[in-house]
Amino acid sequence: MSNRTSFAIVVSAPSGTGKTTLCREVARRIEGIRYSVSCTTREKRPDELDGKDYRFIDLDTFKRWVKEEKFVEWATYQGSHYGTLREEFVSSLNEGIDVIADLEIEGARRIMQLYPDGVFVYILPPSTRELKRRLEQRHSEPAQQIAERLLKAEDEMRHAKEYTYVVVNKEFDKTVEAIISIVRAERLKSARLRGPLGIAE
């Protein structure tokens, strides 16, 4: 058991900013962090693996799990549903493992309510032009859908100040290191220590 309380790290960003890849890399580089794989009803992209990138489930299953309160949070984004499994999320925290999750704003707000001691990071793209380039580079969506995502992104970025930290993703490695620095600093907060302070002889 750790001598500190574990916490949730939620990373949000406009679609195409690379939040999922960032979260996975942070979890890979630091011990004691588990990446939370979300459930979704959207179609699987050719380069995605079920159970690794997302847990792909049908709409009926998703609705049933909502009724059964299996999700600690869930949200609808551009017609598809996304949710974080409660049992996995809570059990990780109870084990003393920090949980990092990439969530849309609606889902992040839910975690903010449930876990106000969590760490909330908003990732901004270097520019709208760069975000458009990244979305087009995926070759997974038609031009109309990309345009809709860009409009959605502009609206979402207005809410970045709701988060604890804001990081601009100009260079992948530097952004990963910025998030790692945030996590390490948060782990050192006195408010997260268990029991009385003391120094071992």
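Just need a number here: residues in region 77-118 that are within 11 Å of the chain's Cα centre (by Cα) and assigned to a loop (DSSP other than H, G, I, E, B).
2
For region 35-68, which positions are surrounded by 13 or more Cβ atoms within 10 Å (Cβ to Cβ) and in a strand (DSSP E or B)?
Correct list: 35, 39, 40, 54, 55, 56.
Could you list, in sequence order, the residues of region 1-34 that are buried (at least 17 other Cβ atoms within 10 Å of the Cβ) and either without any contact (Cβ under 8 Å) to a residue 12 or more places away in the chain or part of a strand (DSSP E or B) (or both)?
4, 8, 9, 10, 11, 12, 24, 33, 34
Give region 25-61 a look and list any residue that's under 25 Å from residue 156 (Cα atoms), basic (Lys, Arg) and modelled with pLDDT of 95 or more, or say none.
Listed by number, the list holds a single entry, 55.
Restricting to region 84-136, and then to whatever is surrounded by fewer than 17 Cβ atoms within 10 Å (Cβ to Cβ) and of a type in the set (S, T, N, Q), can you tell me which residue is farthest from residue 65 (Cα to Cα)?
127
Among the listed residues 82, 122, which satisfies the condition of being among the aromatic types (Phe, Trp, Tyr) and either closer than 30 Å to residue 191 by Cβ or out of contact with any Phe, Trp or Tyr (no Cβ under 8 Å at 6 or more places or on another chain) (or both)?
The match here is 122.
Just checking, which of 182, 146, 199 is β-branched (Val, Ile, Thr) and modelled with pLDDT of 85 or more?
182
Output the residue which, of all residues in region 83-135 that are among the β-branched types (Val, Ile, Thr) and closer than 20 Å to residue 28 by Cβ, is modelled with the lowest pLDDT.
We begin by selecting, within region 83-135, every residue among the β-branched types (Val, Ile, Thr); these are 84, 90, 97, 99-100, 105, 111, 119, 121, 123, 128.
From what's left, closer than 20 Å to residue 28 by Cβ: 84, 97, 99-100, 119, 121, 123.
Details: 84: 97, 97: 97, 99: 98, 100: 98, 119: 98, 121: 98, 123: 94.
Only one residue tops the list, namely 123.
If you go through region 69-79 one residue at a time, do you hit one that is under 23 Å from residue 176 (Cβ atoms) and either of a type in the set (S, T, N, Q) or touching a His at 6+ places or on another chain (Cβ under 6 Å) (or both)?
So far as region 69-79 goes, no, none of its residues is under 23 Å from residue 176 (Cβ atoms) and either of a type in the set (S, T, N, Q) or touching a His at 6+ places or on another chain (Cβ under 6 Å) (or both).
Cβ contacts < 6 Å: first residue in contact (Cβ under 8 Å) with a residue 60 or more places away in the chain, restricted to region 94-118; second residue of a type in the set (Asp, Glu) and in a loop (DSSP other than H, G, I, E, B), any location; separation 6+ or different chain. Result?
No pair meets every condition.
In region 54-79, how many residues are among the charged types (D, E, K, R) and touching a Phe, Trp or Tyr at 6+ places or on another chain (Cβ under 8 Å)?
So the answer is 0.
The values are calculated or read from the model by the stated rules, or taken from the named source; none is laboratory data. Just so it is clear, the model here is predicted, and its values are computed rather than measured. Glycine also receives a Cβ, built like all others from the backbone with ideal geometry; neighbour counts cover every protein chain displayed.
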